[in-house]
1. Of the residues that sit in region 138-155 and are hydrophobic (A, V, I, L, M, F, W, C) and outside any helix (DSSP H, G or I), which one is farthest from VAL226 (Cα to Cα)?
2. Would you confirm, using the coordinates I've provided, whether THR170 is among the polar types (S, T, N, Q), modelled with pLDDT of 95 or more and in the same structural domain as ALA256 (by TED's automatic domain parsing)?
3. Filtering region 99-119 down to residues that are among the hydrophobic types (A, V, I, L, M, F, W, C) and in contact (Cβ under 8 Å) with a residue 24 or more places away in the chain, which residue is surrounded by the most Cβ atoms within 10 Å (Cβ to Cβ)?
4. If we scan region 141-150, do we find a residue that is surrounded by fewer than 23 Cβ atoms within 10 Å (Cβ to Cβ), of a type in the set (D, E, K, R) and in contact with an Asp or Glu (Cβ under 9 Å, 6 or more places away or on another chain)?
5. Of the numbered conditions (1) surrounded by 15 or more Cβ atoms within 10 Å (Cβ to Cβ); (2) under 20 Å from the mean Cα position of the chain (by Cα), ILE243 satisfies every one except a single condition; which is it?
6. Could you tell me which residue of region 16-58 is surrounded by the fewest Cβ atoms within 10 Å (Cβ to Cβ), considering only residues that are of a type in the set (Val, Ile, Thr) and more than 23 Å from LEU322 (Cα to Cα)?
7. Take the residues in region 59-98 that are under 18 Å from the mean Cα position of the chain (by Cα), small (Gly, Ala, Ser) and within 22 Å of VAL206 (Cα to Cα), then tell me which one is surrounded by the most Cβ atoms within 10 Å (Cβ to Cβ).
8. Where in region 1-88 are there strands (runs of 3 or more DSSP E), lying fully within it, with 3 or more residues that are of a type in the set (Val, Ile, Thr)?
Amino acid sequence: MSTTREPRVAVVGATGAVGNQLIELIAARGFQLSELKLFATEAGAMQTVDAAGEERLVDALENPGDLRDFDIAFLAIPAPRAAEIIAAQPGPILLDLSAANRPPTDVPMVAPGLTSRESFAQLRKAKIFATPHPAAHVLATCLKALGANSGFVAATAMLGASAGGMEMLTATVDQTTDLLSARLELDDDEVQRGFNAFIREHERSVANAIAAQIGKLLDKAPPLSVQVAAIPVLHGSALTVDIQRPRAIKGNGEDAVELLRVAPGILIAEEGEPLGVIDAVGQEAIVVSVETRADSLSLWCVFDNTRLAALGALWIAETMALSSPTLA
């Protein structure tokens, strides 16, 4: 552990979709650190990425021991590789972004706007933190803002290719190009991603994980049904939410809009303006439009899933730095 006031930070998965966002946000938010080291799996090593206007070399992470001299390590890598590092316990505080696609475990799962600083203070000695799925973060944020802790809630998350990382982004682009050229050929076990929306076992598994994570993030979660579909969008995702009208919401629903408007991380869309996934790309806020019915509310939420994932992980690092004299 560093004895300086500014932490030494490693980003593992720096060439990936979320890793790129982490590097950009570290610079944009002015996160104070004494060293930033970029790592990738062998496939991404020896590339360069832009970090605060400077081209930085990305090194290969040969083994978990390469992280032993750092204070904080972001694990923006697939779950099997993250599990290897976590099992090795190389030394730094590990921020596991791969936890987004699985149900919560005993590892603390925290998120900005959902975990109070008082609750976080009780976790000061934790060495591993898990981040929720961006869709779980969005849904939990909206439910908390509306005070929707009872009554049935149905949600459908529509995830763009960036939710599957750089590999899925590349596959979607390649397939779309082949489709436009009328030369797409798929292997027997390959799914058409270009110009297609679908639900498979993977999406059902992610839906179950999202529902379980919301139960972990909220003090009291309502009965909840979640579906997940993959959509042919490269960047960004969307969420539809139908909520039985909470008792506190009366009249024409203006109360609901105001509750969402003052909630951290939410931006209310201008009434009457079209709202697409592309409108959220590059934003840190969740953009929401609201429709009110006699006994229910319908929300349409769009968000930049990779940026939201990176933002949540960086918030953990920032909060740890503020609460620890060796990291602040």
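The values are calculated or read from the model by the stated rules, or taken from the named source; none is laboratory data. Computed from a predicted model, the values in this text were never measured in an experiment. Cβ: placed from backbone, ideal geometry, glycine included. Neighbour counts: every protein chain shown.
1. Our first condition is that a residue be hydrophobic (A, V, I, L, M, F, W, C); within region 138-155, this holds for 138-140, 142-143, 145-146, 148, 152-155.
From what is left, the residues that are outside any helix (DSSP H, G or I) are 148, 152-155.
On the way: ALA148: 15, PHE152: 11, VAL153: 8, ALA154: 6, ALA155: 5 Å.
Checking each candidate, the answer is ALA148.
2. Numbers: among the polar types (S, T, N, Q): yes; modelled with pLDDT of 95 or more: no; in the same structural domain as ALA256 (by TED's automatic domain parsing): yes.
For THR170, the condition - among the polar types (S, T, N, Q), modelled with pLDDT of 95 or more and in the same structural domain as ALA256 (by TED's automatic domain parsing) - is not met.
3. Keep residues of region 99-119 that are among the hydrophobic types (A, V, I, L, M, F, W, C), which gives 99-100, 107, 109-111, 114.
Checking which are in contact (Cβ under 8 Å) with a residue 24 or more places away in the chain leaves us with 99-100, 109-111, 114.
On the way: ALA99: 24, ALA100: 26, MET109: 22, VAL110: 23, ALA111: 24, LEU114: 23.
Per the criteria, the residue is ALA100.
4. Keep residues of region 141-150 that are surrounded by fewer than 23 Cβ atoms within 10 Å (Cβ to Cβ), which gives 144-145, 147, 149-150.
If we keep only those that are of a type in the set (D, E, K, R) too, we end up with 144.
Applying the additional criterion that residues be in contact with an Asp or Glu (Cβ under 9 Å, 6 or more places away or on another chain) yields 144.
Yes: one or more hits.
5. Among (1) surrounded by 15 or more Cβ atoms within 10 Å (Cβ to Cβ); (2) under 20 Å from the mean Cα position of the chain (by Cα), the lone unmet condition for ILE243 is (2).
6. In the first step, residues of region 16-58 are kept if they are of a type in the set (Val, Ile, Thr); the result is 18, 23, 26, 41, 48-49, 58.
Next cut, more than 23 Å from LEU322 (Cα to Cα) only: 18, 41, 48-49, 58.
Working: VAL18: 29, THR41: 16, THR48: 13, VAL49: 19, VAL58: 23.
Checking each candidate, the answer is THR48.
7. It comes out as ALA76.
8. On the way: elements: 8-12, 35-40, 48-51, 54-57, 72-75.
Filter on region 1-88 gives 8-12.
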